[in-house]
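Engineer: Before we start, here is the structure in question, set down as structure tokens.
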Amino acid sequence: MDDASPPPVSGRLLDGKALAARIREELQERVRRGLEAGRSRPGLATVLVGDDPASAVYVRNKRRACEQVGLANLHRQLPASTSSEALLDEIAALNADPAVHGILVQLPLPAGLDEAAILEAVDPAKDVDGFHPRNQGCLLQGRPALRPCTPRGILRLLDETGIELRGARAVVVGRSNIVGKPVALMLLERHATVVLCHSRTRDLAAEVGAADVVVAAVGVPQLIRGEWIRPGAVVVDVGINRTGDGRLTGDVDFEAARERASWITPVPGGVGPMTIAMLLQNTLEAAWGAAGEAG
Ligand code: NDP
């Protein structure tokens, strides 16, 4: 993509919902074949502490998707008053349970629980969220390990466009441990030239304007303006923001950005469904190995 290429009339929709549905079908087929071959059913333990309504919805969607592809869901619902010790005991029990191949502790945890200590207690081999420092360290060093779901989903979406990441300029806005930093590392691994922006970035418009690939993971509605987008760029909007009237919107001014982008993800229906699909894939891989075929 160079400056001389004509701007596309309107960006093609990078449809995460459709891609995630395809991936779920493939996973369902892999699970079916594995079970037929006598393997034990992969199990995901979702752990929800407290009654945050948004977290309850996320967990319900994950459980439903899990059952749909044939994974066992072993859900643990704990009261908001759960102590750190009790939660650590629960995690130790799940670590030791051979029927559990993946453990997902839904974040955020209620105030008073030490999130970092809880995530570190999860067996790295069962850390299907990819948040354990060991797995994040492996990612940093380019070693195989469970990778965080949202960044993994973003890379799958980018691959779907056919864009050559090698040598491309990728600008990631947001530097959280769960999205921004890992997706930057994964883009770097694919030989993109990566710029990682955040709230202290001096000229966000100029950084975004130079990008072949924009990944927005901020949590500020419409922060990324349409006119910033370089014509032909691929735009991935990770943001999930609730508007006053209850609708969901991303971090990108979608309509305006679509005028200039070659591909763009919608919100909802972009990254969100891919995150769940990658969680299922991570669980299958945690149980049966990366090819989904091993013992
Ligand atoms: P965090 O709040 O942890 O991080 C936000 C990042 O955005 C920070 O690095 C912050 O910078 C940066 N930022 C904030 N304001 C600005 C600004 N004005 N200009 C540039 N950078 C800014 O968010 P998460 O990474 O957890 O999530 C980001 C968004 O993605 C949220 O809307 C969340 O709901 C959504 N999300 C969606 C998922 C999905 O499956 N679709 C999964 C996970 C998250 P600094 O570090 O300097 O403070």
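Engineer: Please enumerate the residues belonging to the range 188-200 that are more than 10 Å from the ligand (Cβ to nearest atom) and either closer than 12 Å to Leu139 by Cβ or in a loop (DSSP other than H, G, I, E, B) (or both).
Structural biologist: Correct list: Leu188, Glu189, Arg190, His191, Ala192.
Engineer: Residue by residue through the range 119-134, note down the ones that are under 12 Å from Asn177 (Cα atoms), surrounded by 20 or more Cβ atoms within 10 Å (Cβ to Cβ) and not acidic (Asp, Glu). Full working, then the answer.
Structural biologist: First pass over the range 119-134, keeping only residues under 12 Å from Asn177 (Cα atoms): 129-133.
Still in the running and surrounded by 20 or more Cβ atoms within 10 Å (Cβ to Cβ): 129-132.
Within the range 119-134, Gly130, Phe131, His132 meet the criteria.
Engineer: Return the residue satisfying two criteria in turn: it lies in the range 234-246 and is away from the ligand (no atom under 14 Å from the Cβ) and free of Cβ contacts under 8 Å to residues at least 24 places away in the same chain, and of such residues it is least open to solvent (accessible area, probe 1.4 Å).
Structural biologist: Gly246
Engineer: Being in contact with an Asp or Glu (Cβ under 7 Å, 6 or more places away or on another chain) and open to solvent by 20 Å² or more (accessible area, probe 1.4 Å) is the filter here; which residues of the range 258-295 pass it?
Structural biologist: Val267
Engineer: Keeping to the range 166-187, report how many residues are more than 13 Å from Arg152 (Cα to Cα), surrounded by 17 or more Cβ atoms within 10 Å (Cβ to Cβ) and of a type outside the set (D, E, K, R).
Structural biologist: 6
Engineer: Within the set of pairs 6 or more residues apart or between chains, which connect a residue that is aliphatic (A, V, I, L, M) inside the range 218-233 to a residue that is within 12 Å of the ligand (Cβ to nearest atom) and assigned to a loop (DSSP other than H, G, I, E, B) with Cβ atoms less than 7 Å apart?
Structural biologist: Correct list of pairs: Val218/Gly174; Val218/Gly239; Val218/Asp251; Val220/Asp251; Leu223/Asp251; Ile224/Asp251.
Engineer: Here's something else I'd like to know. When the range 138-194 is examined, which residues are found to be within 15 Å of Gly270 (Cβ to Cβ) and among the hydroxyl-bearing types (Ser, Thr, Tyr)?
Structural biologist: Thr150, Thr161 - these are the residues of the range 138-194 that are within 15 Å of Gly270 (Cβ to Cβ) and among the hydroxyl-bearing types (Ser, Thr, Tyr).
Engineer: Confirm whether Glu255 is touching a Gly at 6+ places or on another chain (Cβ under 8 Å), in contact (Cβ under 8 Å) with a residue 40 or more places away in the chain and surrounded by fewer than 17 Cβ atoms within 10 Å (Cβ to Cβ). Spell out the reasoning first.
Structural biologist: Values: touching a Gly at 6+ places or on another chain (Cβ under 8 Å): yes; in contact (Cβ under 8 Å) with a residue 40 or more places away in the chain: no; surrounded by fewer than 17 Cβ atoms within 10 Å (Cβ to Cβ): yes.
For Glu255, the condition - touching a Gly at 6+ places or on another chain (Cβ under 8 Å), in contact (Cβ under 8 Å) with a residue 40 or more places away in the chain and surrounded by fewer than 17 Cβ atoms within 10 Å (Cβ to Cβ) - is not met.
The values are calculated or read from the model by the stated rules, or taken from the named source; none is laboratory data. Not measured: the values here are computed from a predicted model. Methodologically, a virtual Cβ is constructed for each residue, glycine included, from the backbone with ideal geometry; neighbour enumeration extends over all protein chains shown. Calculation scope for accessible area: heavy atoms of the full protein, side chains included, ligands and nucleic acids excluded. Shrake-Rupley method; radii C 1.70, N 1.55, O 1.52, S 1.80 Å.
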